[in-house]
Protein chains: 2
Amino acid sequence: METLAQIGEDALIRRLTHALPLGADVIAGAGDDCAIVRPVRGRKLQLLKTDCIIEGVHFRRDSEPERVGWKAMARVVSDIAAMGGTPEHAMVTMVLPVELTVEYVEKIYAGLRRCAETFAINVVGGETSRGSQIMISVSLTGSVPEMRCTRRDGAKPGDAICVTGQLGGSLRGRHLDFVPRVAEAQWLTRHFTVHAMMDLSDGLAKDLPRMAQASRVEFVINEGALPANEGCTMEQAWSDGEDYELLFAMPEPPTKRQLQSWNRAFPGVALTCVGRFVEMEKGQAPSFLGKGWDHFTPSTNS
Amino acid sequence: METLAQIGEDALIRRLTHALPLGADVIAGAGDDCAIVRPVRGRKLQLLKTDCIIEGVHFRRDSEPERVGWKAMARVVSDIAAMGGTPEHAMVTMVLPVELTVEYVEKIYAGLRRCAETFAINVVGGETSRGSQIMISVSLTGSVPEMRCTRRDGAKPGDAICVTGQLGGSLRGRHLDFVPRVAEAQWLTRHFTVHAMMDLSDGLAKDLPRMAQASRVEFVINEGALPANEGCTMEQAWSDGEDYELLFAMPEPPTKRQLQSWNRAFPGVALTCVGRFVEMEKGQAPSFLGKGWDHFTPSTNS
């Protein structure tokens, strides 16, 4: 099988990027010094995100390359989703050891591309270079109506803490195939009063304290309410990372009617209230990433 | 001296990103799932670019880290400049071996930051990860008035081929300190009729055929006219890369009066007409990257 060393960079790029579908907002994709796109229009804001995955850190070389590519794109899509946004234009950088086969790299790119097409994202540029370790970096732009942009710092004391889907055990395989919650997040910002939202990439145990800290509140978790994935303990649902579910705050737990309407829109996707944000103790410094954990003991549960 | 392994990622990010200056168009920089920025306004287009530099490929570990950081940012700024644009928002991804000292990484970041501040660029986000090789990737947005956007595919037969500055010998040191031609490019698009423009990153010998190919023209070079840097041969001015000067096409060589006006605006920066674009031979395939070289023989010079 051909390796990258044999075909060279220009031929590789041609094979990877030929016939990339581009939307009407793209005036020029890859090929010039920069891509040229039409600006975000209307009362919208632009979202910008970049993220990378590295061989040996985020995946192994014997992981299926198509799924690795999917994950590299899906991670940044999940971040755009968490702001209530719609992903738009992506740039893909790949650092590749020269001994890789062209077939392997084409499979990575096929995964990236399949994810981009699933979410109508234009791949408008990128970069390849040689290196000793595989690295895939994706930069993504998105847009969000100004009134629907959900930051992580808007949670208020008394807000219900909710999560989508099931948590825990993602590293057994789901982390390579997750589908970012773009439609779900937009539905939530349209139908519920969402004070704050973020995606669960590092696990509830790390990400919930981040939302609390940004919002200057504390939290109380109802341990028994955690929606654990099949075969997972509550501890795993709490601590395992890579769920890519949505964590959000709303003034009251969803009503029965709201839940019915959610279930009609997204059958099979759980929506669970797992606790409440509470007032920060007087004199409490805003940094309490350690203390957050204390709340996960039976004695402090509500 | 402290290493990255000793202080950990969160502390590193705090040390690198504290007090990053942000312009009024940035609603939220690093810290949430995405950065939030105001969209490009007016009759402008958005430019998107990403690029990376890698230890052992683009620089050595014993290169001065502050200059390496400058170069990583300056390369993408040069691409925005080449479209006639103004750089706006940057995201910086760094892959770092854990044995690096914090001081070394802070110096890289200081260089990135100094370049960003020089061009009023907001660093709105980024990512750090561990890896076996240093890799610095910068994604940059920019804007350009729709009427002033200079692509590389607009050169016409008969156009004069011009370059800014001096060429060749960059790898002796200048490649780590070059100042992207942002102001120069904008001046050119305002004062001259620029049909096509790009930056010279791989050397005239590779980049000029790219412009010709994109524009479906051929070119004739006046070898004696190449503005070689001091101590460089014509061959080096033609073939050495990393000049980061502007290559552009205009209908006629600049007049004496135009050159005077350029010299008043940018004293000490040469502006040289080095040849002409000519009609593509009938039946000629648009791909002639090899053939471009043939024009650099005395027998075909005009």
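Side notes on the structure shown:
- Of the accessible area of the protein assembly as shown, computed with a 1.4 Å probe over protein heavy atoms only, carbon and sulfur atoms account for 50 percent.
- Rh (Kirkwood; distinct C-alpha pairs) - the stretch B:88-187, Å: 16.7 Å
- Mean-position separation - Cα centroids, the stretch B:148-194 and the stretch B:1-34, in angstrom: 34 Å
- B:ALA183/B:CYS273 FRET efficiency (R0 30 Å; Cβ-Cβ; nearest 0.05): 0.90
- The Kirkwood radius of the stretch A:99-152, taken over pairs of alpha-carbon atoms, gives through the Stokes-Einstein law at 37 °C and 0.692 mPa s a diffusion coefficient of 236 µm² s⁻¹.
- Look at where the Cα atoms of the stretch B:103-121 and of the stretch A:203-245 average out, and the two centres are 36 Å apart.
- Nearest-to-axis residue in chain A, judged by Cβ distance to the rotation axis that brings A onto B and given in whole Å, is A:SER139, 2.
- The protein assembly as shown: radius of gyration and largest Cα-Cα distance (Dmax), Å: 25.9, 90
- Between identical copies, the spacing of B:GLN6 label points, each set 7 Å from Cα toward the C-beta atom, reads 4.8 nm from nearest to farthest.
- Accessible surface buried once A binds B (1.4 Å probe; total of both sides; Å²): 4400 Å²
- Copies compared at B:SER132 - label distances in nm, ascending, label defined 7 Å from Cα in the Cβ direction: 0.6
- Ranked from shortest, the separations from the 7 Å Cα-to-Cβ label point of B:GLY173 to its equivalents in the other copies are 5.9 nm.
- In this structure, A:ARG190 and A:LEU20 have a Cβ-Cβ separation that, at R0 = 30 Å, corresponds to a calculated FRET efficiency of about 0.45.
- Taking a ≥ b ≥ c as the square roots of the eigenvalues of the Cα gyration tensor, the stretch B:10-120 is classed as oblate, since a/c reaches at least 1.5 and a/b does not exceed b/c.
- A P(r) calculated from all alpha carbon pairs of the stretch B:80-127, with 5 Å bins opening at zero, reads 5, 17, 25, 22, 15, 8, 5, 2, 0 percent.
- For chain B, DSSP calls about 80 percent of its internal beta bridges antiparallel.
- Rough spin-label spacing in nm, given labels placed 7 Å along Cα→Cβ, for A:THR233 and B:MET147: 7.0 nm
- At q = 0.22, 0.28, 0.30 Å⁻¹ the log10 of I(q)/I(0) for the stretch B:53-103 amounts to -0.92, -1.22, -1.30, computed by Debye summation with a single uniform scatterer per C-alpha, solvent ignored.
- Under conditions of 4 °C and 1.567 mPa s, the stretch B:190-256 yields 101 µm² s⁻¹ as its translational diffusion coefficient, taking Rh as the Kirkwood radius over Cα pairs in the Stokes-Einstein equation.
- Taking the square roots of five times each eigenvalue of the Cα gyration tensor of the stretch A:159-211, the equivalent ellipsoid has semi-axes of 21, 15, 8 Å, listed largest first.
- Sorted largest first, extent of the stretch B:182-226 alpha carbons per principal axis (Å): 26, 24, 19
- Qualifying GluC sites (Glu not before Pro) in the stretch A:1-100, DSSP loop, other Cβ atoms within 10 Å at most 16: A:GLU2, A:GLU99
- Beyond 30 Å in Cα-Cα separation lie the following of the pairs B:LYS49/B:LYS256; A:LYS49/B:LYS71; A:LYS71/A:LYS206; A:LYS49/A:LYS206: B:LYS49/B:LYS256.
- Calculated diffusion of the stretch B:225-269, Stokes-Einstein form, Kirkwood radius summed over Cα pairs, 37 °C and 0.692 mPa s, µm²/s: 261 µm²/s
- Dividing the Cα radius of gyration of chain A by 2.2 N^0.38 Å, with N the residue count, gives 1.07.
The values are calculated or read from the model by the stated rules, or taken from the named source; none is laboratory data. A quick note: this is a predicted structure, and the numbers were derived from the prediction, not measured. Note: ideal-geometry Cβ built from the backbone for every residue, glycine included; neighbour counts use all protein chains shown. Protein only, heavy atoms only, side chains kept; ligands, DNA and RNA dropped before computing areas. Shrake-Rupley method; radii C 1.70, N 1.55, O 1.52, S 1.80 Å.
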